[in-house]
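Reading through the structure tokens given below for one structure.
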Amino acid sequence: MDMTDFSMDFFSLKGKTAIVTGGNTGLGRAFSLALAKAGADLFIPSLTEDDGTTRQLIEQTGAKMEFMEVNLTEDGAAKRIVDRCLETMGALDIVVNSAGMNTVAEFNEFGRDKWDPLVQVNLTAAFEMSHEAAKVMIPKRQGKIINICSVFSYHGGQGSPAYTASKHGIAGLTKAYCDELAQYNIQVNGIAPGYYATDITENTRNDPAANQKVLDHTPASRWGEPADLMGATVFLASRAADYVNGHIMAVDGGYLVR
């Protein structure tokens, strides 16, 4: 590509179809809305029933949305999701592996009963979704897979070994699948959010000492808002990022520099 060929149209997702797992709540809603605002249509599989809020936000942009209530950890779920997306939307160009969970417990109380469900959702489901999506993208020699990593992809975390291990794992999967799929012009990247103001961080934010600890470690001196993730999502899903591959983009207010 010659430099004179570049235009802001490279950031447009018009005509694209995206799957965003867990894309109707929390940070997943921000990923979905970002893609819709850039022109993509959305297929959203989630365990949580759609309450209409996400659909309203997406359809206000002019994009189409289809929802599928599904447990990502069930055998064959990823194939059913991809098949339904192709059946109802006619295409699949982008996958955002956003669905995730966290469980916090004391060391002696954190056993397989807590480990297994978390790893299945945060890591195994992302692997299965990426694997099934790649089967559609390889013949087209085009596609984008975006994995939601974390600042915990880079360091430890007391009270949640499974979350930390799964986020290290999703970072590794991102790099491994880049190595596998780049030859087919498929870009596999990750986004590593820092500390964000969402429902699951409410207890931390309401604890003065814990809240201050986060702020002291974050050069931006504030919690992230879901909207802070939207630009990175559009960029990694767009033609503008065609030579960005195997990269994990921290969107953390500088948290990782300290």
Exercise. Would you point out which residue out of LYS140, LYS167, LYS144 is over 25 Å from ASN102 (Cα atoms) and buried (at least 22 other Cβ atoms within 10 Å of the Cβ)?
Key: LYS144
Exercise. For the stretch 123-151, enumerate the residues that are farther than 20 Å from ILE191 by Cβ, of a type in the set (A, V, I, L, M, F, W, C) and in contact with a Phe, Trp or Tyr (Cβ under 8 Å, 6 or more places away or on another chain).
Key: ILE138
Quiz item: In the stretch 85-105, how many residues are farther than 20 Å from ARG29 by Cα, at pLDDT 95 or above and not small (Gly, Ala, Ser)?
Solution: 3
Exercise. State all residues of the stretch 83-92 that are in contact (Cβ under 8 Å) with a residue 40 or more places away in the chain and part of a helix (DSSP H, G or I); if no residue qualifies, say none.
Key: ARG84, CYS85, LEU86, THR88, MET89
Quiz item: Can you pull out the residues in the stretch 150-164 that are surrounded by fewer than 18 Cβ atoms within 10 Å (Cβ to Cβ) and of a type outside the set (S, T, N, Q)?
Solution: TYR154, HIS155, GLY156, GLY157, GLY159, PRO161
Exercise. Sort through THR201, THR218, THR233 and tell me the only one that's within 30 Å of ASP93 (Cα to Cα), hydroxyl-bearing (Ser, Thr, Tyr) and either open to solvent by 30 Å² or more (accessible area, probe 1.4 Å) or out of contact with any His (no Cβ under 8 Å at 6 or more places or on another chain) (or both).
Key: THR233
Exercise. Identify the residue in the stretch 119-137 that is open to solvent by 40 Å² or more (accessible area, probe 1.4 Å) and out of contact with any Gly (no Cβ under 6 Å at 6 or more places or on another chain) and, among all such residues, is nearest to THR73 (Cα to Cα).
Key: GLN120
Exercise. Among the residues of the stretch 25-36, write down those that are in contact with a helix residue (DSSP H, G or I) (Cβ under 8 Å, 6 or more places away or on another chain) and at pLDDT 95 or above.
Key: LEU27, ARG29, ALA30, PHE31, SER32, LEU33, ALA34, LEU35, ALA36
Quiz item: Mind checking whether some residue in the stretch 18-37 is farther than 22 Å from HIS131 by Cα and either surrounded by fewer than 17 Cβ atoms within 10 Å (Cβ to Cβ) or over 16 Å from the mean Cα position of the chain (by Cα) (or both)?
Solution: yes
Quiz prompt | Every residue from the stretch 15-63 that is under 19 Å from ALA237 (Cα atoms) and in a helix (DSSP H, G or I) | solution = LEU27, GLY28, ARG29, ALA30, PHE31, SER32, LEU33, ALA34, LEU35, ALA36, LYS37, ILE58
Quiz item: Got at least one residue in the stretch 72-82 being touching a residue at least 12 places away in the same chain (Cβ under 8 Å), under 26 Å from ALA197 (Cβ atoms) and either in contact with a strand residue (DSSP E or B) (Cβ under 8 Å, 6 or more places away or on another chain) or open to solvent by 10 Å² or more (accessible area, probe 1.4 Å) (or both)?
Solution: yes
Quiz prompt | Complete set of residues in the stretch 163-195 that are among the polar types (S, T, N, Q) and assigned to a helix (DSSP H, G or I) | solution = THR164, SER166, THR174, GLN183
Exercise. Identify all residues within the stretch 186-213 that are in contact with a Gly (Cβ under 8 Å, 6 or more places away or on another chain) and not β-branched (Val, Ile, Thr); write none if there are none.
Key: GLN187, ASN189, PRO193, GLY194, TYR195, TYR196, ALA197, ASP199
Quiz prompt | All positions within the stretch 49-60 that are open to solvent by 70 Å² or more (accessible area, probe 1.4 Å) and touching a Ser or Thr at 6+ places or on another chain (Cβ under 9 Å) | solution = ASP51
Exercise. Among the residues of the stretch 38-48, count how many are of a type outside the set (Asp, Glu), touching a helix residue (DSSP H, G or I) at 6+ places or on another chain (Cβ under 8 Å) and open to solvent by 30 Å² or more (accessible area, probe 1.4 Å).
Key: 0
Practice problem: Evaluate the stretch 185-192: report whether one residue or more is open to solvent by 50 Å² or more (accessible area, probe 1.4 Å) and within 20 Å of PHE152 (Cβ to Cβ). | Solution: no
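The values are calculated or read from the model by the stated rules, or taken from the named source; none is laboratory data. Computed from a prediction, not measured in an experiment: that's the story for all the values here. Counting neighbours? That spans all protein chains shown, and the Cβs are built from the backbone with ideal geometry, glycine included. The accessibility values were calculated without ligands, DNA or RNA, using every heavy atom of the protein model including side chains. Shrake-Rupley method; radii C 1.70, N 1.55, O 1.52, S 1.80 Å.
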